[in-house]
Amino acid sequence: MSKYYCGIEVSEYGLENNKVDYRTLAKTFNHVLNNDLMGVLEAQGYYFEQISGFIDNSDEIEEIEEEIEDLEYLITEDSTEEEDEKTQEKIRELEERKEELEEEQEEVAEIFQYYIVDDDYNLKEANEIVFYCEELDLTIWGVTHWGTAWDYVLTDIDISDYTDYED
């Protein structure tokens with residue numbers, strides 16, 4: 001049984017891992033390798049905005065902050081020392097998790113190849129790094145892996161969300 005994403009057959013590796021692979025993703029739009037163009041254009045004063053590929057943990061960080069705030073209200077003169085210690089330990093655990101999420105959010109991925117693309121919809125769905133220059137109406141995809149065949153690199157897109165099968 002084959003499974004398709006946007007009419008393109010997903011690799012065996014993608015099927016095994018229930019994710020769309022890079023080879024399949026890349027076949028859904030036109031792309032041309034050009035590692036130097038973005039740098040040359042930026043040097044000439046053109047601005048590229050990153051429009052996709054962000055790690056956004058802000059909702060989870062906000063939830064943790066609210067939970068910490070709620071726990072801090074539990075520490076009162078009426079609570080026992082044992083209760084306070086347990087609450088403090090839970091607060092420390094939450095603060096550590098919050099710090100991990102903040103660090104992850106600030107990580108900058110290393111880009112190994114740049115591709116000019118004609119469509120960024122599927123790239124955004126996969127949360128790939130995408131840059132756009134409004135003045136030139138130019139979209140560039142930043143690929144963050146090197147050396148692995150594209151049918152063995154997985155995207156964030158679950159193939160279970162797609163029902164186009166062929167027996």
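The values are calculated or read from the model by the stated rules, or taken from the named source; none is laboratory data. Model, not experiment: these values are computed from the prediction. As a convention, Cβ positions derive from the backbone with ideal geometry for all residues, glycine included, and neighbour counts pool all protein chains shown.
At a glance:
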{"quantity": "Residues located in region 125-141, provided they are surrounded by fewer than 16 Cβ atoms within 10 Å (Cβ to Cβ), more than 21 Å from Glu60 (Cβ to Cβ) and in contact (Cβ under 8 Å) with a residue 12 or more places away in the chain", "calculated": "Glu134, Glu135, Leu136"}
{"quantity": "Condition broken by Asp164, with the remaining ones in (1) modelled with pLDDT of 90 or more; (2) surrounded by 12 or more Cβ atoms within 10 Å (Cβ to Cβ); (3) charged (D, E, K, R) satisfied", "calculated": "(1)"}
{"quantity": "Residue within region 21-29 that is touching a residue at least 60 places away in the same chain (Cβ under 8 Å), in the same structural domain as Glu125 (by TED's automatic domain parsing), surrounded by fewer than 14 Cβ atoms within 10 Å (Cβ to Cβ) and out of contact with any His (no Cβ under 9 Å at 6 or more places or on another chain) present", "calculated": "no"}
{"quantity": "Selection from region 21-39 of residues that are assigned to a helix (DSSP H, G or I) and either more than 16 Å from Asp137 (Cα to Cα) or not hydrophobic (A, V, I, L, M, F, W, C) (or both)", "calculated": "Tyr22, Arg23, Thr24, Leu25, Ala26, Gly39"}
{"quantity": "Pairs with Cβ under 8 Å, 6+ apart, first in region 80-95 and surrounded by 11 or more Cβ atoms within 10 Å (Cβ to Cβ), second of a type in the set (Ser, Thr, Tyr)", "calculated": "Thr87/Ser79"}
{"quantity": "Which listed residue, of Asp59, Asp119, Asp151, Asp70, is within 18 Å of Asn30 (Cα to Cα), assigned to a helix (DSSP H, G or I) and among the charged types (D, E, K, R)", "calculated": "Asp151"}
{"quantity": "Hey, Ala109 surrounded by 15 or more Cβ atoms within 10 Å (Cβ to Cβ), touching a strand residue (DSSP E or B) at 6+ places or on another chain (Cβ under 7 Å) and of a type in the set (A, V, I, L, M) or not", "calculated": "no"}
{"quantity": "Residues being part of a loop (DSSP other than H, G, I, E, B) and crowded, with 16+ Cβ neighbours inside 10 Å - total across region 7-20", "calculated": "2"}
{"quantity": "Residue check, Asn17 more than 24 Å from Ser160 (Cβ to Cβ), assigned by TED's automatic domain parsing to the domain that holds Glu128 and polar (S, T, N, Q)", "calculated": "no"}
{"quantity": "Scope region 86-109; condition of a type outside the set (A, V, I, L, M) and modelled with pLDDT under 85; matching residues", "calculated": "Glu102, Glu103, Glu104, Gln105, Glu106, Glu107"}
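So that you can scan it fast, the table gives a plain yes or no per residue for (1) at pLDDT below 90; (2) over 15 Å from Val130 (Cα atoms); (3) in contact with a strand residue (DSSP E or B) (Cβ under 7 Å, 6 or more places away or on another chain):
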| position | (1), (2), (3) |
| --- | --- |
| Lys3 | yes, yes, yes |
| Gly14 | no, yes, yes |
| Thr24 | no, yes, yes |
| Val32 | no, no, yes |
| Leu71 | yes, yes, no |
| Ile75 | yes, yes, no |
| Asp84 | yes, yes, no |
